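Encoded as structure tokens, the structure appears first; notes follow it.
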Amino acid sequence: MKELDYRKCAAEFVGTLVLVLFGCGTAVMVGCSSEHGGGYLLTALAFGLVIVAMAYSIGNVSGCHINPAVSLAMLIDGRMSGRDFGLYVGSQCLGAIAGAAILMGFAGRDSGLGANGLYDGSIMKSLLIEVILTFVFVLVILGVTAKKSFGNLAGIVIGLSLTLVHILGIAFTGTSVNPARSLGPALFAGGDALRYVWVFIVAPLVGGALAACFHKYVVKKSC
């Protein structure tokens with residue numbers, strides 16, 4: 001690999017590690033039940049603030065995707081190559097696994113590690129919820145990164161958008177919108193989290209792909 005590839009991979013690895021450690025870690029420590037508003041909002045903010053922090057620290061290296069659904073959308077939109085897509089996704093998944101491993105060392109496996117779960121025991125409901133949440137999140141990313149004039153504010157807008165989808169989604173599935181974020185904790189949590197992790201891999205990828213198609217064939221053609 002070229003030196004730039006190593007730098008991009010390292011940036012995506014670290015960014016996703018931080019997302020899982022701080023986002024899922026906050027969920028573990030303060031709780032994310034909708035019945036307890038304080039912990040619920042803190043968890044949503046934690047995920048959003050990680051994006052802001054990483055966007056302004058590693059964004060100039062890799063673009064700060066730290067999410068396979070975002071990378072897939074960028075691939076469909078023609079902003080990255082298939083080779084880079086593979087490198088990004090591999091780095092993101094490894095970073096998420098590392099972040100979950102560190103969190104397990106702090107909080108223990110029995111904490112649940114912020115793993116996602118089915119809403120109302122329904123695979124179909126959970127798939128639909130995650131597709132919608134990811135569609136909205138990725139569509140914002142594609143829109144705000146499409147013009148250089150939005151560059152200085154992109155990290156803040158994307159971070160707030162992730163906070164927004166978490167505020168709605170936590171009560172349903174714990175909010176994934178990110179296959180890597182779901183994979184890492186599920187591997188260590190085991191049980192139903194691992195059994196149904198495919199839902200939180202497939203749905204965000206579908207949502208990201210739909211957002212990319214909508215942006216490419218509707219938004220771009222309207223500009």
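The values are calculated or read from the model by the stated rules, or taken from the named source; none is laboratory data. What you see is a predicted model; the values in this text were computed from it and never measured. Please note: Cβ atoms are built from the backbone with ideal geometry, for glycine as well, and neighbour counts cover all protein chains shown.
Residue-by-condition table, conditions (1) farther than 14 Å from Gly48 by Cα; (2) in a loop (DSSP other than H, G, I, E, B); (3) modelled with pLDDT under 95:
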residue: Glu130; (1), (2), (3): yes, no, no
residue: Ala146; (1), (2), (3): yes, yes, yes
residue: Val157; (1), (2), (3): no, no, no
residue: Leu160; (1), (2), (3): no, no, no
Tell me which residues, restricted to the stretch 43-95, are aromatic (Phe, Trp, Tyr), surrounded by fewer than 20 Cβ atoms within 10 Å (Cβ to Cβ) and closer than 20 Å to Leu162 by Cα.
Tyr56
Of everything in the stretch 79-94, what is assigned to a helix (DSSP H, G or I) and not charged (D, E, K, R)? Give them in sequence order.
Gly82, Phe85, Gly86, Leu87, Tyr88, Val89, Gly90, Ser91, Gln92, Cys93, Leu94
Could we say that Arg109 is surrounded by 20 or more Cβ atoms within 10 Å (Cβ to Cβ), among the basic types (Lys, Arg) and touching a residue at least 12 places away in the same chain (Cβ under 8 Å) here?
no
Checked Ala73, Ala53, Ala100, Ala46 against criteria (touching a Pro at 6+ places or on another chain (Cβ under 9 Å) and on the phi < 0 side of the Ramachandran plot); the one match is Ala100
For the structure I just gave you, tell me whether Val177 is in contact with a Leu (Cβ under 6 Å, 6 or more places away or on another chain), surrounded by 23 or more Cβ atoms within 10 Å (Cβ to Cβ) and either on the phi > 0 side of the Ramachandran plot or not in a helix (DSSP H, G or I) (or both).
yes
Being of a type outside the set (Ser, Thr, Tyr), over 21 Å from Gly143 (Cα atoms) and surrounded by fewer than 16 Cβ atoms within 10 Å (Cβ to Cβ) is the requirement here; does Gly38 meet it?
yes
Being surrounded by fewer than 20 Cβ atoms within 10 Å (Cβ to Cβ), among the hydrophobic types (A, V, I, L, M, F, W, C) and touching a Ser or Thr at 6+ places or on another chain (Cβ under 9 Å): is that true of Leu194 here?
no
Failed item in (1) within 13 Å of the chain's Cα centre (by Cα); (2) under 20 Å from Gly31 (Cβ atoms), with Ile158 passing the rest
(2)
Name the residue, out of Gly159, Gly108, that is at positive phi and of a type outside the set (A, V, I, L, M, F, W, C).
Gly108
